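Step one of this worksheet: look at the structure below.
The values are calculated or read from the model by the stated rules, or taken from the named source; none is laboratory data. Note that the structure is predicted; figures quoted are calculated from it, not measured. Every residue, glycine among them, receives a Cβ derived from its backbone with ideal geometry; neighbour counts consider all protein chains shown.
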Amino acid sequence: MTSLTIEDFNRCVEDIVNISDKLMDGWKLQQNEGLENGKYIVKKEQKVLPLEQEGSTNFLLIFEYHVAFNISYGVPVLCFNVWKQDGSILTIEQFWKANKKFKDSNMHDTLTQMDHPVLRRPFLTLHPCRTHEIMEPFLERSKNPVVSWLSVVGPFVHLNLTEEYVKICSS
Amino acid sequence: MSSNLSYVQISSCVNPSFWNKLSELKLDVYKLDVSQQRIWGYYTVINSLSCPITVMEVDSTSFNREFSAHNHLLPFQGWILNTNTIEQFKECDKAELINSEGQKLYQKIKDGDVFENTSLLNTFFVLSFADLKRFHYYYWFAFPVPRHVVVEKVHECDLENVFSLEEVETLNSAYMNLNHCQKAYFIVKKRFGKVLEVHTVASVLKTITSEDIDDYYFAFHNISYDRCAVGSIFRNYIAFILYYCDFLQNRTANFISFNLSRVGSQITCKKSIVYKLKLPTKTKDFYTSWVGWEKNERDKMGPKLANMKNTLDPSVIAENAVDLNLKLMKWNLLPSVDLEKIRKTKCLLLGAGTLGCSVARTLLGWGIREITFVDNSTVSFSNPVRQSLFTYQDSVDMKPKSKAAADNLKNIFPGVNSVGHQMTIPMPGHSVGESMLEQTKQSVEKLTQLIKEHDVIFLLLDSRESRWLPTLIASVENKILINAALGFDSYLVMRHGIHNKNYANEAARHPEGYKVIPGNNLACYFCCDVTAPGDSLKGRTLDQQCTVTRPGVSQIAGALAVELSISVLQHKHGVFAPAYYTTSQTVPTQELTVSDDSVLGLVPHSIRGFLSSFEHILPATEKYKNCVACSDLIIKEYKEKQMEFLLNVFNSSKHLEDVALLTELFKETDFGEVLEFSDEDFST
Ligand SMILES: [Zn+2]
C-alpha cells in the first residue's frame, strides 16, 4: 500500500504556493521549525453566506484554510476557521447550520473539530479517516496528489481550486 | 449627462488574532499608555468572485514595524487608540479625532511623505476599548477623507476602448513591477504616437503642467466592487493631486480606475475604467474638515462590539471542546443520549481517596459540572501515586484531601464547579462523648443537607461503618446512590434501592429466563450483610480501612461506578430502572439487548470483579426486610426519632440490630445459615 510521505507532501504544497504566487491566489507557506510535519499552507477567502441563527441574512465571513500533514493518519488534512467581521469565530454548529451540504446524516463524520496538526488548536476539519481512500487512486496517477485530493474535497467547504492547479497533476 | 462620482467605503474586518495581539500588547507593553500606536491593514488586490465587498483586514501582523507584504495584498496605514476605560472610549470627541487624523494626512501630503509611499493615502484609524476580563472589544474604525470633494464624471469608458491591446499589456506588466508602496496610486503617460509609460507619482506629479495634462492618466487601484463607484479613499488622492497641481481646480483630467481580475491563469487589468473627471475647487476648509467613521452593523454611526469570549477565553475554549467531544459521541453513536441531563447532574463524592479521585475524573469526562467532595483526611506522601488528583506538593503542604481534590479538579478543567468539605461522617458504634455532641449533630445536618442538594451520591469511603449514615439518608431522600468498595484484587460497585415504593409494582418487561428486580427495591450495601456495621464479627476481604489493594482496582471500580451512574441517569425510569439477573435455576433463552428504556444498555444492580481471574459477575439482590440501613423498620425509627435514634446508633451499633429485629432473628436462626443464604444471592 502506497502512501504520501512528508517529503511528498512538502513538495506538493510548495508547488501549490508557486502556482498561487503566479496567480496571486493568496496561498502562503508557513513553517514551524521544531516539528517534523512543520510545513503547512494557509489561504484566506471572503465569502458571503447566510447564517441561520441570525435571521438568515447574509454575513460576510472570512475563511482561513490550512492544509497540513497529519502524521498519525499519514495524510494531508484540510482544516479551517471561519470568522465574522468582528473576529468572532463560528462554532462547528453554526457552520453546519450555514451549510446545507452538511445536513445529511453523516455530516458529523465528514466535518468535525480537531486540533490543527501543527498549531495544536481546534479547527474545523474534514475528517482524515477517509482521506487515504480518496487519495489512493491519485498517489500513482497524479503528479500532485495533494492538489487532486484538495480539488475533490475542497468544494465541500467552499474551497475551489482553479484549473491552473489541477493542470499540474497531469502534466 | 454628467453626474457626480459616487463613493463606497471599504469595510473593516478584524481577524481574531488582532484582538489576541492587542490584549497581549495592552498587558505587556502599552499598559496604561494611551498614546496612538501605528498599525497596518491590508486588502486583496484581486476581486474575489465569491464576495462583492472589499474589506480591509487587520490581524496580529498589523502591529509589526514593517508591513508583511505579499503579492496579492496592498497596505493601509493606520493608528489605534486603545482607551483604558469605556468612559474614555465613549467621551472622546469623534469629530475632533477624525479631523486631527485628517490633519496628519494633510501634513504628510504637504511634507511630501506621500511621494515615497502613496499607500499613505490609504489611511485608517481605530478607536478601541478592550475589556480584557470579559474578552469584550469595543471598537470603531474610521477611514478619514476630506468632507468636501465633489467630483463630476464627465466621461467614462472601458480601458480597452482607450488603449490598444499591446498598451494594456504594457500597463499590466509595468504595474506588476511597481513596489507595493506605489501600487495603489500611480501615473500613466500616453502621448499620441508615443509608447505608453507607467510612472510613480513621485517621479512625475510635480512636472505636470496645464499644457500637457491631457497626456496623463491618474491611476488608482479601485477598491469598489461596484463599477459605477470608486472607493471613498479616492478623495485623498484628489486632495493630494490638487495640492501639487493647483491648476486642476475646476478642470478636467484623465483617471484610470484600476481593476485587477483573474482570467484563467492571467491577471489582467482589462476591466479597468478610464474616466474624464472634473475636479472641485478647493474650499476654505478643504483640508481641515474630515469625515469617515464607519457605520456599525445596524447601519448607524456608532461603535461595534466584538464579544470574543468563545474565541479567545481559554477556559471557554476548553469547555466548548469538552462539550463537543460529548456531542460528537451523541451525534455519531448515541443520538438519544441526554447530555443536558448529565451536565446538570450534581454529584456528591463521599470520600476523596483513590476511588474519589478516579470517580471525579471520569465524571469530568462525561461533562458533569458540579462535583462536591467530602473527606476528613489530608494528603499523605503515599497518596499521590494512587490518588490521581493529588501531587507530591499537596502532601508536603498536608492539604485536606477534599480541598486539594476540588482545587486540582479545577486546574484540570476550570469549567467545573468543585467544592470540598472537610468532615468526618458519624458512624455506628463510634461513641459520641459530651464534647463531640454538638459537632456530631452538625455533621449529620450538613451531610443531610449535602445529600438533599445533590442528585447522585457516590459512596467511596474506606470503611464499612462510614457508609451507614449516607445509605440511610440517601434512601430516605430517594437519591441515586452508587457504592464502591475494594478488596485486595476484587471490587464491588452497586446501586442502592430507595425508600419510595410507588414504582415497585409496575410490571417491568420480563425477558424470558431472567429475573427482574425493580430499581427501588434493590438491596443496599448492608442488605446483603446481615450484621450491623461496626461489629467485626467476621474478617472481610472488602472494605477494610487498612486493605491493601492492587493499584488498578480503584481505577477500574471508580470508572465502573461512574458508568453505572450515567446508565441509571440515562435510563427512562432513572433510579427505578429494573435490574435483570439470572440464577442457576433460570436459563436465559435470549440475549439482553439495548432497549428503548436504556440507551446505554443494561443497568445492573451490582458488579463484582475479580482481578485474579479478570472476571465480572452481575448479581442482583432484593432488599432485605431486616436491613440495618434501608429497611422500613430502620427508616420508620429514623423518621420518628431523628437525632435521638442516630445518637443511639452512634453510641452502640447493637441498637441497629434491635431496631431491625435482627437480634430476634439471630435467636431463631443459626447464624451460619444466614450467611449461606446471603452468599447464594451472589452466585450467577
Ligand atoms: Zn439495605
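If you go through the stretch B:279-299 one residue at a time, how many are basic (K, R) and touching a Lys or Arg at 6+ places or on another chain (Cβ under 7 Å)? So the count comes out to 0.
Table: residues versus (1) small (G, A, S); (2) part of a loop (DSSP other than H, G, I, E, B); (3) modelled with pLDDT under 65; (4) at positive phi.
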| position | (1), (2), (3), (4) |
| --- | --- |
| B:V516 | no, no, no, no |
| B:N520 | no, no, no, no |
| B:D529 | no, yes, no, no |
| B:S536 | yes, yes, yes, no |
| B:C546 | no, yes, yes, no |
| B:G552 | yes, no, no, no |
| B:Q555 | no, no, no, no |
| B:A559 | yes, no, no, no |
| B:S565 | yes, no, no, no |
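Within the stretch A:75-93, the residues that satisfy the criterion of being closer than 22 Å to B:A130 by Cα and facing chain B (nearest Cβ under 9 Å) are A:W83, A:K84, A:Q85, A:D86, A:G87, A:S88, A:I89. The number of residues in the stretch B:48-71 being part of a loop (DSSP other than H, G, I, E, B) and facing chain A (nearest Cβ under 10 Å) comes to 11. In summary, helices (runs of 4 or more DSSP H) completely within the stretch B:621-671 and bearing 1 or more residues that are over 23 Å from B:N478 (Cα atoms) occur at B:643-651, B:654-659, B:662-668.
Residues that are in contact with a helix residue (DSSP H, G or I) (Cβ under 8 Å, 6 or more places away or on another chain) and farther than 23 Å from B:G102 by Cα within the stretch B:274-321 comprise B:V274, B:A306, B:M308, B:K309, B:N310, B:T311, B:L312, B:V316, B:I317, B:N320, listed in sequence order. Taking A:K44, is it more than 12 Å from chain B (Cβ to nearest Cβ), basic (K, R) and under 30 Å from B:S265 (Cα atoms)? Spelling it out, it is not the case that A:K44 is more than 12 Å from chain B (Cβ to nearest Cβ), basic (K, R) and under 30 Å from B:S265 (Cα atoms). Which of the residues spanning the stretch A:133-162 are under 25 Å from A:L111 (Cα atoms), in a helix (DSSP H, G or I) and not aliphatic (A, V, I, L, M)? Residues satisfying the conditions are A:E133, A:E136, A:P137, A:F138, A:P145, A:S148, A:W149, A:S151, A:G154, A:P155, A:F156.
Within the stretch B:111-125, not a single residue is over 43 Å from the mean Cα position of the chain (by Cα), among the aromatic types (F, W, Y) and assigned by TED's automatic domain parsing to the domain that holds B:V195. On inspection, B:V674 fails the criterion of being at pLDDT 85 or above, over 30 Å from B:Q442 (Cα atoms) and assigned to a helix (DSSP H, G or I). Scanning the stretch B:435-452 for residues that are under 10 Å from B:M423 (Cβ atoms) and surrounded by 15 or more Cβ atoms within 10 Å (Cβ to Cβ) turns up B:S443, B:L447, B:L450. For the stretch B:255-268, residues that are more than 10 Å from B:I46 (Cβ to Cβ) and buried (at least 21 other Cβ atoms within 10 Å of the Cβ) total 4.
Return yes or no: is B:Q36 at pLDDT 90 or above and under 24 Å from A:G26 (Cβ atoms)? Judged against the criteria, B:Q36 is not a match. Please verify whether A:E36 is touching a residue at least 12 places away in the same chain (Cβ under 8 Å), among the acidic types (D, E) and within 28 Å of B:S261 (Cβ to Cβ), treating the condition exactly as stated. Considered against the rule, which asks whether it is touching a residue at least 12 places away in the same chain (Cβ under 8 Å), among the acidic types (D, E) and within 28 Å of B:S261 (Cβ to Cβ), A:E36 comes out as no.
Counting only helices (runs of 4 or more DSSP H) wholly contained in the stretch B:387-494, the ones carrying 2 or more residues that are over 34 Å from the mean Cα position of the chain (by Cα) occupy B:437-453, B:468-476. Evaluated against (1) at pLDDT 90 or above; (2) loosely packed, with under 15 Cβ neighbours inside 10 Å, B:Y185 falls short on exactly one condition, (2).
Could you tell me whether any residue of the stretch A:17-28 is more than 14 Å from chain B (Cβ to nearest Cβ) and either in a strand (DSSP E or B) or at pLDDT 95 or above (or both)?
The answer is no; no qualifying residue exists.
Going by the conditions given, is B:Y244 more than 14 Å from every other protein chain (Cβ to nearest Cβ), over 45 Å from the mean Cα position of the chain (by Cα) and free of Cβ contacts under 8 Å to residues at least 40 places away in the same chain? Criteria met by B:Y244. Would you tally the residues in the stretch B:321-353 being assigned to a loop (DSSP other than H, G, I, E, B), in contact with an Asp or Glu (Cβ under 9 Å, 6 or more places away or on another chain) and not β-branched (V, I, T)? Total satisfying the criteria: 4. Looking across the stretch B:119-148, the residues that are surrounded by fewer than 23 Cβ atoms within 10 Å (Cβ to Cβ) and assigned to a loop (DSSP other than H, G, I, E, B) come down to B:L132, B:K133, B:R134, B:F135, B:R147, B:H148. Restricted to strands (runs of 3 or more DSSP E) entirely inside the stretch B:265-310, those with at least 1 residues that are within 14 Å of another protein chain (Cβ to nearest Cβ) and within 30 Å of A:L23 (Cβ to Cβ) are B:266-268.
In the stretch B:592-643, the qualifying residues are those that are of a type in the set (A, V, I, L, M) and within 16 Å of the ligand (Cβ to nearest atom), and the one that is farthest from the other protein chains (Cβ to nearest Cβ) is B:L633.
Among the residues of the stretch A:91-125, which ones are farther than 19 Å from B:V322 by Cβ and at pLDDT 90 or above? Selection gives A:P117, A:V118, A:L119.
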